[in-house]
Amino acid sequence: MKIFSGTSNKFLAEKVAKKLNVELSALEVFVFPDGEKRVRILDKVLDKDTIVIQSTSTPVDENYMQLFFTIDALKRNGAKSVTAVVPYFGYQRQDHVFREGEDVSVKVVAEILDKIGLDRLIVVDLHSIKIKEAFNTPVSHLSALPIFAEIIKSKGWDRDRTTLVSPDAGGMRRIKILSEMLNNMSFAVIEKNRDLATGSVTAEKIKGKIGRKAIIVDDMISSGGTIAAAAELLKKQGAEEIYVFATHAVFSEKAPQILQKAAVNKVYVTDTVFVSGEKRFPKLEILSVSELVAKNIKST
Ligand code: R5P
């Protein structure tokens, strides 16, 4: 097996390779003066099973093009199979037409990956499980929820005074699964509204009873608006301590500052997206999905 890493999350790729006892194979990404890129495989892949690890986080389009070119280069060099590990799958939120006249971005990306001959895709915590249906390529959908469950269990929090909270109706499935993992811990859901034109978020009301501790669970944090609004509402409703567990640290714009200021005690994310030094803040803790990904690769 040969493992290659794109440039978006080499940190995670190295961890995965180490867990599989494999060195990362060499890959050259050359950027021309006009910004176009060329990918070159610097290892022999003929008749080999190959893996490329690349998160399609910001800059999303650049990271996708690099992924497409790497898959093409591996195919052209005779790889027996190409598996793409895309821990954070960009464009997944645009999975249907929200307003008349819009595109379905994730479908376009799925069609490109199918077309260039990808054999298998491994992703972590998709925004909706229906996204898998956009692909003809087999998709392994992994989840960080067991990692979150272990951390929550290890805290020994009084479960009668702790509530899992989904910051919007879309997270209901996620919260129910986590609740089962935590011996049916109680949960509540926030009614959230997002202005589709400006992106601004308001948390309207909470359905369910809130304990002293609230654990907000989400698939991703982008602007931080959803978490800040949810935390404010939870505080108003009597939560004294608020913890956040979100898989993908997309962290656009001022998210780190917003989260540090928000009424939350701690923000747990995973390393599906690389968080650079300047985006780290005191309340942040990063958990790793490397074991999860390595186990899945090993098992197939
Ligand atoms: C929305 O449905 C998602 O699950 C997240 O809640 C959302 O994408 C977070 O975005 P932001 O941090 O910009 O509010």
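The values are calculated or read from the model by the stated rules, or taken from the named source; none is laboratory data. Here the structure is a predicted model, which is why all the values come from computation and not from measurement. Here Cβ is always computed from backbone atoms with ideal geometry, including for glycine, and neighbour counts include all displayed protein chains.
Things to note:
- Only a single item in (1) surrounded by fewer than 16 Cβ atoms within 10 Å (Cβ to Cβ); (2) without any contact (Cβ under 8 Å) to a residue 24 or more places away in the chain is not met by Asp158, and it is number (2).
- In region 193-208, the residues that are at pLDDT 85 or above reach residues that are among the aromatic types (Phe, Trp, Tyr) and away from the ligand (no atom under 12 Å from the Cβ) with C-beta atoms within less than 7 angstrom, at least six apart or across chains, in these pairs: Gly208/Phe187.
- In region 269-290, residue nearest to Val124 (Cα to Cα) [restricted to those that are outside any loop (DSSP other than H, G, I, E, B) and within 15 Å of the ligand (Cβ to nearest atom)]: Thr270
- Here is the figure for region 98-149: residues that are in a loop (DSSP other than H, G, I, E, B) and touching a helix residue (DSSP H, G or I) at 6+ places or on another chain (Cβ under 6 Å) total 6.
- Extreme residue, surrounded by the most Cβ atoms within 10 Å (Cβ to Cβ), among residues of region 235-265 that are more than 15 Å from Leu284 (Cα to Cα) and away from the ligand (no atom under 15 Å from the Cβ): Ala239
- Test for Ser57: is it surrounded by 15 or more Cβ atoms within 10 Å (Cβ to Cβ) and touching a residue at least 40 places away in the same chain (Cβ under 8 Å): yes
- Residues in region 216-234 that are farther than 13 Å from Val269 by Cα and not polar (S, T, N, Q) were compared, and the one that is nearest to the ligand (Cβ to nearest atom) is Gly225.
- Filtered by the rule that a residue be among the small types (Gly, Ala, Ser), more than 12 Å from the ligand (Cβ to nearest atom) and under 27 Å from Thr272 (Cβ atoms), region 182-215 gives Ala188, Ala214.
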